[in-house]
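**Q** Pasting a structure below so you can have a look.
The values are calculated or read from the model by the stated rules, or taken from the named source; none is laboratory data. As the structure is a computational prediction, the values presented were derived from the model and not from experiment. Glycine gets a Cβ as well: all are built from the backbone with ideal geometry, and neighbour counts include every protein chain shown.
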Amino acid sequence: MNDFLRAVGLLTVLPVRLPADDSAPPGRAMAFYPLVGALIGAGLAGLAWLLGQIGLADRAALLPAALILAAWADLTGALHLDGWGDCCDALFVPVGRERRLEIMKDPRLGGFGAAGLILLLLVKLAALEGVLRSPHALPALIAIPALARWAAVSAAKAYPSARPGGMGDFFRRGLGRRELVIATALAGLAVTPLGRRGPAGKRGHAGGGRKAAGGEQLEDPLVHPGRETVIVGAQHDRASRRVRAPGARPLTGRLRCGNLWHGCLGRGWRCVRSSSR
């Protein structure tokens, strides 16, 4: 339990108290890094679900991804962002190894570090926007931080420290094969929901290729580009402009009823010509 709490205290801003006489090697806590990452992801998934319920993306498409990214940085204390900036400052300067190590210890942010942080945040924002459009958005948000922290454990086990006696060298003390095996198992559990089959037996398809009441056909271009996905029991309420389907999230947007529906029915969904069946 102390190893888990130590991992929480290092990787998040959550207040954690450890026994005063705890002298266990800090590397043992790395076994629980993916679990802490999954908990961080669960918080992000909860925020994404809440933002989806209030329909924020219908008003500002990028705002949910930006808020999730801000919450992610705040929950982790921007720990890895700080390290990324230091690495960019050191690695892109044409100097020797010892000077690079000195730059990495410098708390000030240089031009390379600032540019690297801006580019990284832009990439993460675009990636989160893509994840939120996926039918597996919530399990993906849980899996991504878990896999990222598993990668840190694997790198710490596989590669030597850049500076013996440095902070990285300290936190890997006690890291062994047992910790790597536990971390790998926990990361695998976090990824498991992404591999579940949909109702129709096709991996990664939430719609299942089912037929709608009245033959209305809804296409999800992000799940099956160029293919139609038909939802069973879809009901259209003209007054509230909502389309609901059993087992699926509500689809909202501006509609014009008739042989052709127009408008965006939720994130990643659009309506195509209805069938006469």
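**Q** Restricting to helices (runs of 4 or more DSSP H) lying wholly in region 1-90: which have 3 or more residues that are within 17 Å of W150 (Cα to Cα)?
**A** 2-11, 33-53
**Q** Right, something else. Go through (1) free of Cβ contacts under 8 Å to residues at least 12 places away in the same chain; (2) in a helix (DSSP H, G or I) and name the single condition R108 misses.
**A** (2)
**Q** Starting from residues that are without any contact (Cβ under 8 Å) to a residue 40 or more places away in the chain and under 13 Å from the mean Cα position of the chain (by Cα), keep the ones in region 1-57 and report whichever is farthest from I142 (Cα to Cα).
**A** Out of the qualifying residues, it is L47.
**Q** While we're here: In region 91-103, which residues are in a helix (DSSP H, G or I) and without any contact (Cβ under 8 Å) to a residue 40 or more places away in the chain?
**A** Passing the criteria: L91, R97, E98, R99, R100, E102, I103.
**Q** Next up: So for region 85-99 (the condition being hydrophobic (A, V, I, L, M, F, W, C), under 20 Å from the mean Cα position of the chain (by Cα) and loosely packed, with under 15 Cβ neighbours inside 10 Å), does at least one residue qualify?
**A** Checked against the condition, which is being hydrophobic (A, V, I, L, M, F, W, C), under 20 Å from the mean Cα position of the chain (by Cα) and loosely packed, with under 15 Cβ neighbours inside 10 Å, region 85-99 yields no hits at all.
**Q** Moving on to the next point. Output the number of the condition that R177 fails; it satisfies all remaining conditions of (1) of a type in the set (K, R); (2) at pLDDT below 85; (3) farther than 29 Å from A73 by Cα.
**A** The number of the failed condition is (2).
**Q** Just one of the numbered conditions (1) under 28 Å from L50 (Cβ atoms); (2) in contact (Cβ under 8 Å) with a residue 40 or more places away in the chain; (3) touching a helix residue (DSSP H, G or I) at 6+ places or on another chain (Cβ under 6 Å) is not true of L117; which one?
**A** Failing condition for L117: (2).
**Q** Within region 104-151, which residues are within 30 Å of G176 (Cβ to Cβ), small (G, A, S) and buried (at least 18 other Cβ atoms within 10 Å of the Cβ)?
**A** A143, A146 - these are the residues of region 104-151 that are within 30 Å of G176 (Cβ to Cβ), small (G, A, S) and buried (at least 18 other Cβ atoms within 10 Å of the Cβ).
**Q** How many residues, within region 111-138, are among the β-branched types (V, I, T) and either farther than 29 Å from A38 by Cα or not in a helix (DSSP H, G or I) (or both)?
**A** 0
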